[in-house]
Amino acid sequence: MNKPQVYVLIVEDDQVDRMACSRALGKNADYEFVLYEAETGREGLQLAHDKKPDCVLLDLHLPDMTGLEFLAELKNELGEIPVPVMMLTGADNASVAVEAMKRGAQDYLVKDVNLQYLELLPAVIGRVLRERRMLIEKKQMEVNLGQAEAKYRFLVEQIPAITYTAALDAPGKLLYISPQIRQLGFPIEEWLDDPEGLLKQVYPEDRVLVREAIKRGYESGEPLRCEYRVFTRTGEMRWFLNESSLVRDDSGNPLFLQGVLIDISRDKKVDDELQQHRQRLEELVAKRTAQCVKQTAIFESVNANLTAKLGECTQARGELRKLVDQFEDLYRNAPCAYCLLDPDGVFVQINEAGLKLLDRTNEEIVGVMRITDLLTAAGSEVFQESYQRLKESGHLHDIELDFLNKEGGRMPVLLSGNAIRDAAGRFASSRFVMFDLAESR
């Protein structure tokens, strides 16, 4: 059975100590250690840059520099040490080794006179590599989570419904609400800061109903569905349908409430009109029982209108529910092309419609090509100028560009996009929507 290989750089000016480390690592049954050796710090830095080892064993005292100086020069342009470093120090320098760990070293071992540290060396290297791997995986998960959140926000901010998430420890307290809440005349921050959250601006007579519905949803875990009235900032009353459900982790523990608010004011108006028609019909029947034939004709005519309106109302509600069910799938199978670019214009993500429009595969584009690689020379120049404006203003609207297909033919495309910034406000990436202009031209 082949053992996994681990590449280790030993930076140690004492040849005896290097040989001792080499023998100790060569006896290990779990790993095959491949060693690079350096007698000076400068030689070690060069090998670390060229060979890119999995781990560095660093002596504290070197002929040309100290271990602390070695760590300082090993850092990359982001101020991070790209490879786990383990200090090897004498018993009288343990405090200095601790200082080295504060400056980026992963661990340290004290070289005792009985050479017991050599027995611990393989196990410590294995642990250091595992910790490093877990750290890298955690960072990648954070990157993936950020991308998923950006994609989720982009999707929910395009649909007409108001999307929200609410906390479980404080019923109604909002954790997120989409920008569509501005249709009520309120800024997002005002709803997020209000402790009542979902109950903000609810019609007084409907508050008890809404509180009970939220409470039942929290206690039973069943989906929440209720209708209630909400006031806009100007005092206008609107009807909303609130549909939500609990989101749970992999173990089944509830995390938060996620749902949508759908404006059903028009449906309610239709319902009221239908009710008024029914009442009027009852009055007519009561007053004109003697005119059965005429009343029957009137009733059939009005009932046909009622049925048509009821059908329209039912169809409208069905479309709204279908829209809510399908918005999760909107990005992947959208009829128009979406793509995400890094700061240099390299494709990070692109949906199926985008691949079809550009006549490329995901492997050909993502992480490989810049968007300018697919443009004509003139289109590339226009895009680069427009991309600079997007980085500054945050938006780019309706830019017509000519893309090139695999045969060199031109494809007219309408491009719109906006900037994505990190927590510090720095430009991080951009997302675009592309429309094929071939038919319109």
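Every residue, every condition in (1) touching a Gly at 6+ places or on another chain (Cβ under 7 Å); (2) over 17 Å from R132 (Cα atoms), yes or no:
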{"position": "A29", "(1), (2)": "no, yes"}
{"position": "G44", "(1), (2)": "no, yes"}
{"position": "M65", "(1), (2)": "yes, yes"}
{"position": "N76", "(1), (2)": "no, no"}
{"position": "V96", "(1), (2)": "no, yes"}
**Prompt:** Within the stretch 92-128, how many residues turn out to be within 16 Å of H61 (Cα to Cα) and of a type in the set (A, V, I, L, M)?
**Reply:** 9
**Asked** Is one or more of the residues making up the stretch 36-49 surrounded by fewer than 13 Cβ atoms within 10 Å (Cβ to Cβ) and touching a strand residue (DSSP E or B) at 6+ places or on another chain (Cβ under 9 Å)?
**Response** yes
**Complete:** Among L121, L115, the single one that is in contact (Cβ under 8 Å) with a residue 60 or more places away in the chain and buried (at least 18 other Cβ atoms within 10 Å of the Cβ) is L121
**Request:** Restricting attention to the stretch 223-239, report how many residues are under 15 Å from R211 (Cα atoms) and either assigned to a loop (DSSP other than H, G, I, E, B) or touching a residue at least 24 places away in the same chain (Cβ under 8 Å) (or both).
**Result:** 6
**Prompt:** Which of the residues spanning the stretch 347-383 are within 21 Å of the chain's Cα centre (by Cα), among the aliphatic types (A, V, I, L, M) and farther than 16 Å from S429 by Cβ?
**Reply:** A353
**Asked** Among the listed residues Q315, Q295, which satisfies the condition of being without any contact (Cβ under 8 Å) to a residue 24 or more places away in the chain, surrounded by 13 or more Cβ atoms within 10 Å (Cβ to Cβ) and more than 21 Å from V210 (Cα to Cα)?
**Response** Q295
**Complete:** Over the stretch 168-180, the set of residues touching a Phe, Trp or Tyr at 6+ places or on another chain (Cβ under 7 Å) and either surrounded by fewer than 18 Cβ atoms within 10 Å (Cβ to Cβ) or in contact (Cβ under 8 Å) with a residue 40 or more places away in the chain (or both) is L168, P171, L175, Y176
**Message:** Testing L78 on (1) part of a loop (DSSP other than H, G, I, E, B); (2) buried (at least 16 other Cβ atoms within 10 Å of the Cβ), one condition comes back false. Which one is that?
**Reply:** (2)
**Single condition V260 does not satisfy, out of (1) aliphatic (A, V, I, L, M); (2) in contact with a Lys or Arg (Cβ under 9 Å, 6 or more places away or on another chain); (3) modelled with pLDDT of 85 or more; (4) buried (at least 17 other Cβ atoms within 10 Å of the Cβ)** = (2)
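For every residue, the table says whether it meets (1) modelled with pLDDT under 80; (2) touching a Phe, Trp or Tyr at 6+ places or on another chain (Cβ under 7 Å); (3) on the phi < 0 side of the Ramachandran plot.
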position: N76; (1), (2), (3): no, no, yes
position: I81; (1), (2), (3): no, no, yes
position: V85; (1), (2), (3): no, no, yes
position: A97; (1), (2), (3): yes, yes, yes
position: I125; (1), (2), (3): no, no, yes
position: R130; (1), (2), (3): no, no, yes
position: M141; (1), (2), (3): yes, no, yes
position: Q147; (1), (2), (3): yes, no, yes
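The values are calculated or read from the model by the stated rules, or taken from the named source; none is laboratory data. Because the structure is predicted, anything quoted here is derived from the model rather than measured. In this analysis, Cβ positions are derived from the backbone assuming ideal geometry, glycine residues included, and neighbour counts consider all displayed protein chains.
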